[in-house]
Amino acid sequence: MGIFGQVQRQFIARPDPAKGQILYKWPDQNIRKFTQLTVEQDELAVFFRDGRVQGTIQPGRVTLDSSEIPFLGALVDAVTGGNLFRTELYFISTREFPNLPFGGAIDNVVDPQTNLGVGLRVFGEYSLKVIEPQSLIVNLVGTQNLSTNDEITDWMREQLLKTLRTDVVTHVVSNGWALLGIAAHTDQVEAETIAQVQRNVNSYGLQIVRLGNFTITLKPEDEDKLKGFLKDVQYTKLAGGFQQYAAGEAMLGAGQGLAQGPGQGGGNPAFLGVGVGMGGLVAGQMGQTVAAGGQIQVRCPQCHALNAESSRFCNSCGQSLEPAPAPVGATIACPHCKAQNAATARFCTSCGQGLQGGAQPGSASAPPAPAP
């Protein structure tokens, strides 16, 4: 090696492009005796050989001489006549590395409030700091073979998520937390997560200093599912039962369609048919029902097949679908005052109540009903 190369190797410091690295390994394992070593204020220099840390040098500038630094005596390379130290040299940053992102799905859990399965996610940032450089080199760099910032922070991110997968699910199950309101418990989960993950990473010489912007959320589709379910439950209670709520929803949908006008999903016959089917208010319509698309159909009294509203005979058995003419002299009782009226009467002659098959009071062809 030329004179220039020997002079160059007499000064060692972390290079500027590596200033932002948590850990930087000096590329040469042969270090000349009396080399000037510079250690910045926010780092330590760690000498490693034969699977263990041989010694650490604090911030400042020192001359590498075994007479001044005793542990260097174990690193002298006898083959070179004692002119070289054979060692791995690491520069370890001791400052805090903030704003490191983490996040992702942690588990599928059953919501205690609705018994529906949903997916939980967590997001946030964490700050990382090296507190024991020796443990970092032996247990993480040496055992896990991690050295770059990305490798170390990715590993730490997985430790956070692993802890959250256990702790958040445990809290939800043991405390019966409703998942739609889980944000109220964020501070508690955050504090316990930091404590738990610290216990898991202590042996690696790292510390999670703090978490930031920590949030626990549901998958968007699962959040919509829970909100829709709870809305249906509340409306069902208000309506008095599921059937009543379903009927109200159908009437509401029909009313909205009617407001759009004909040809926009709100044809009047369909709306009228829904009203008849849901309310059961009109008798003698021979089992009218509303098919998909709002088309009114008539059920055959003989074989119960459905037919178009305009059909005169059943398309299945040929049964007449037209109401039978009333026999001569037949009468019909008024449902309101029980008075007998001719079978062909449209209104009660006693109280004015609309009769089966007749126009209803208030229609264009009906006389006004008498005041009660």
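The values are calculated or read from the model by the stated rules, or taken from the named source; none is laboratory data. Bear in mind that the values here come from a model prediction, so they are computed numbers and not experimental data. Backbone-built Cβ (ideal geometry, glycine too); neighbour counts: all protein chains shown.
Yes/no per residue for (1) closer than 30 Å to ASN213 by Cα; (2) of a type in the set (A, V, I, L, M, F, W, C); (3) in the same structural domain as SER135 (by TED's automatic domain parsing):
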{"position": "PHE47", "(1), (2), (3)": "no, yes, no"}
{"position": "ARG61", "(1), (2), (3)": "no, no, no"}
{"position": "GLY82", "(1), (2), (3)": "no, no, no"}
{"position": "GLN113", "(1), (2), (3)": "yes, no, yes"}
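Selection of segment 109-143 for residues being of a type outside the set (A, V, I, L, M) and in a helix (DSSP H, G or I) yields PRO133, GLN134, SER135, ASN139, GLY142, THR143.
Report yes if SER147 is of a type in the set (Ser, Thr, Tyr), at pLDDT below 85 and more than 23 Å from the chain's Cα centre (by Cα), otherwise no. Yes, satisfied.
Here LEU140 meets the list (1) buried (at least 18 other Cβ atoms within 10 Å of the Cβ); (2) out of contact with any strand residue (DSSP E or B) (no Cβ under 6 Å at 6 or more places or on another chain); (3) modelled with pLDDT of 90 or more; (4) not basic (Lys, Arg) almost entirely, failing just condition (3). Condition check for THR166 on (1) without any contact (Cβ under 8 Å) to a residue 60 or more places away in the chain; (2) buried (at least 18 other Cβ atoms within 10 Å of the Cβ): one failure, at (2). Filtered by the rule that a residue be in a helix (DSSP H, G or I), under 24 Å from PRO17 (Cβ atoms) and without any contact (Cβ under 8 Å) to a residue 24 or more places away in the chain, segment 145-163 gives ASP150, GLU151, ASP154, TRP155.
Elements of the type strands (runs of 3 or more DSSP E) sitting completely within segment 19-108 and holding at least 1 residues that are within 20 Å of LEU128 (Cβ to Cβ) and without any contact (Cβ under 8 Å) to a residue 60 or more places away in the chain: these cover 43-49. Please tell me if GLN36 is surrounded by 14 or more Cβ atoms within 10 Å (Cβ to Cβ) and in contact with a Lys or Arg (Cβ under 9 Å, 6 or more places away or on another chain). Considered against the rule, which asks whether it is surrounded by 14 or more Cβ atoms within 10 Å (Cβ to Cβ) and in contact with a Lys or Arg (Cβ under 9 Å, 6 or more places away or on another chain), GLN36 comes out as no.
Regarding segment 337-357, can at least one residue be identified that is in a loop (DSSP other than H, G, I, E, B), modelled with pLDDT under 60 and surrounded by 13 or more Cβ atoms within 10 Å (Cβ to Cβ)? Checking segment 337-357: at least one residue is in a loop (DSSP other than H, G, I, E, B), modelled with pLDDT under 60 and surrounded by 13 or more Cβ atoms within 10 Å (Cβ to Cβ). Taking GLU88 as the residue in question, decide whether it is among the charged types (D, E, K, R), modelled with pLDDT of 85 or more and outside the structural domain of THR38 (by TED's automatic domain parsing). It is false that GLU88 is among the charged types (D, E, K, R), modelled with pLDDT of 85 or more and outside the structural domain of THR38 (by TED's automatic domain parsing).
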